[in-house]
Amino acid sequence: MSQSRLIAGLMSGTSLDGIDAVLLRVKGAGLRTSFEQLAFVERPFPRGMRDLILRNSVPATSRVDEITRLNVLLAQCYAEAVRAVARAARISSERIDLIGSHGQTIHHLPRPVTMFGHTVRATLQIGDPSVIATLTGITTVGNFRIADMAAGGEGAPLVPYFDWIVFRSRTRNRLLLNIGGIGNMTILPRGCASKDVAAFDTGPGNMLVDALMLHYFGTPYDAGGATAERGVMLPALFRTLLRHPYYRRRPPKSTGREEFGEEMIRQVLQDTRGERPEDVVRTVAALTPFAVFDACRRFVSGSRRPEEIIVSGGGAKNRFFLDELRRLFAGVQVRTADELGVSGDAKEAICFAILANETVRGNCANLPRVTGASRPVVLGVVSTPAG
């Protein structure tokens, strides 16, 4: 039996609701990976930090001095989250062997542009891993996306590698759906090898609904999907939302706040003046499950169509999303990751702990068919603690 490692995973996503930190005991690597979750904590950002990050995720309002300071400030918050999850597990943080930190994406530009004779794809995750390593005394892996982009990929999604090693089935086609700020799905045909995995971002997850709830009701999200359940559909608005070119773009593809952020919310609010807020919320919420259904219809061949859908992320707690998935995918079993023994809340943090384990073992963990990279690459930058 391989020696185990204690690995902390950190994730803060496009919903900007705070930091998820998980502590795992991990054995093996690749398809021989096994893990036990020891603790999980969710730490909200300090008051005002969400707005500061959001402002610096938009070119028109970002400032280079604020981004520079946020890069260090977020790393300090990540280090505190590691200490918090260690306390929750009743384990000294000195015993932790490794940290995997996704960082906070403030801009993601996967589509290539030509600059001074070079083809450039770019992404920026802040929360410097060298600061985390120095403050915690623990080797830290971060900046997972950029190596894949250097190899011609989109740098996303990266969770499908984790989905493949943990959720593959010999008998059933599975669709892994994570609904965070952005929705992303992984198709795992029965008995699949890594080259058979397909995955991409489907479009908005919770992001647009969260923004509407804040605007209309002063609450950060639609708890349980209750507001969407009270509303009725606005067909004209739904048709407008479906015209976004992202849905027709063929994979590999990824997206974020750049396409489904503040500009879209402003347009929705302008187009729905005089409409009931709950009707607007329902119509926009319906976009999230429909985008998954539409993506399967467009891009997943019949023999690979899902027989089971496994949902994780904050959206797994939204009854409206789950009910709509069951309606759209009639006859397909819709379950949550928790039902299969993996915490849906912690899943993405778990993923980056597992990816860090692959990095320090020198294993490639991107899936070129998924990201569009020209070849497999080792992901991440390893920062060792000072002293």
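Quick note: the coordinates plus some simple rules give every number you see, no bench work behind them. Computed from a predicted model, the values in this text were never measured in an experiment. Cβ placement follows ideal geometry from the backbone for every residue including glycine, while neighbour counts extend to all protein chains displayed.
The residues packed around P220, meaning those with a beta-carbon under 11 Å from its beta-carbon, carry a net charge of -2 if Lys and Arg are +1 and Asp and Glu are -1.
Normalising by residue count, the chain has a Cα convex hull of 145 Å³ per residue.
Taking the DSSP beta bridges with both ends in the chain, the antiparallel portion is around 70 percent. Using the alpha-carbon centroid of each, what span in Å lies between segment 145-211 and segment 38-80? What the calculation gives is 25 Å, centre to centre.
Using a Gaussian network for the chain with springs between C-alpha atoms less than 10 Å apart, which of these wobbles most: T240, T288, T202? Of the options given, T240 has the highest mean-square fluctuation.
Based on Cα atoms of segment 159-331, Rg over Rh with Rh as the Kirkwood radius reads 0.98. Each of P235, A211, V166 was scored by the projection of its Cα onto the charge dipole of segment 159-331, and the greatest displacement toward the positive side belongs to V166; charges sit on the C-beta of Lys, Arg, Asp and Glu. Over all other residues within a Cβ to Cβ distance under 12 Å of G344, the charged ones net out to -2, with Lys and Arg as +1 and Asp and Glu as -1.
Remark: the chain carries a charge dipole of roughly 1080 debye about the Cα centre, counting +1 on each Lys and Arg Cβ and -1 on each Asp and Glu Cβ.
Name the most mobile residue of D128, D17, D148, meaning the one with the largest mean-square fluctuation, in a Gaussian network model of the chain with Cα contacts below 10 Å. It is D17. Shown for T139, T61: other C-beta atoms within 10 Å of each C-beta, ranked fewest to most, produce the order T61, T139. When the chain is described by a simple charge dipole with +1 on each Lys and Arg Cβ and -1 on each Asp and Glu Cβ, the residue from I106, A199, P245 located farthest towards its positive end is A199. Can you pull out the trypsin sites (Lys or Arg not before Pro) in segment 1-59 whose DSSP state is coil and whose Cβ has at most 12 other Cβ atoms within 10 Å? Those that pass, being in a loop and sparsely packed, are R47. Among the trypsin sites (Lys or Arg not before Pro) found in segment 256-301, those both in a DSSP coil and sparsely packed, with 16 or fewer other Cβ atoms within 10 Å of their Cβ, are R273. Residues of segment 165-187 with an amide N closer than 19 Å to a point placed 7 Å from the Cα of E262 along the Cα-to-Cβ direction: 181-182. Close amide H contacts of F200 (hydrogens built in the peptide plane, cut-off under 5 Å, sequence separation of 5 or more or a different chain): M185.
For segment 162-317, the dipole from Cβ point charges (+1 on Lys and Arg, -1 on Asp and Glu) about the Cα centre works out to 800 debye, to the nearest 20. Take the Cβ-Cβ distance between E339 and S301 as r, set R0 to 25 Å, and report the resulting FRET efficiency rounded to the nearest 0.05. Calculated value: 0.40. Remark: spin-label model distance E229-E275 equals 2.2 nm, labels positioned 7 Å along the Cα→Cβ axis.
Of all the options G13, G218, G274, the one that moves most in a Gaussian network model of the chain with Cα springs shorter than 10 angstrom is G274.
In this calculation the C-beta distance from R90 to A236 is compared with R0 = 56 Å, giving a FRET efficiency of 0.50.
Between R47 and K195, the distance separating the two model label sites (each 7 Å from Cα on the Cα→Cβ line) works out to 5.7 nm.
Under the combined filter of DSSP loop state and at most 16 neighbouring Cβ atoms within 10 Å, segment 36-119 retains these chymotrypsin sites (Phe, Trp or Tyr not before Pro): F116.
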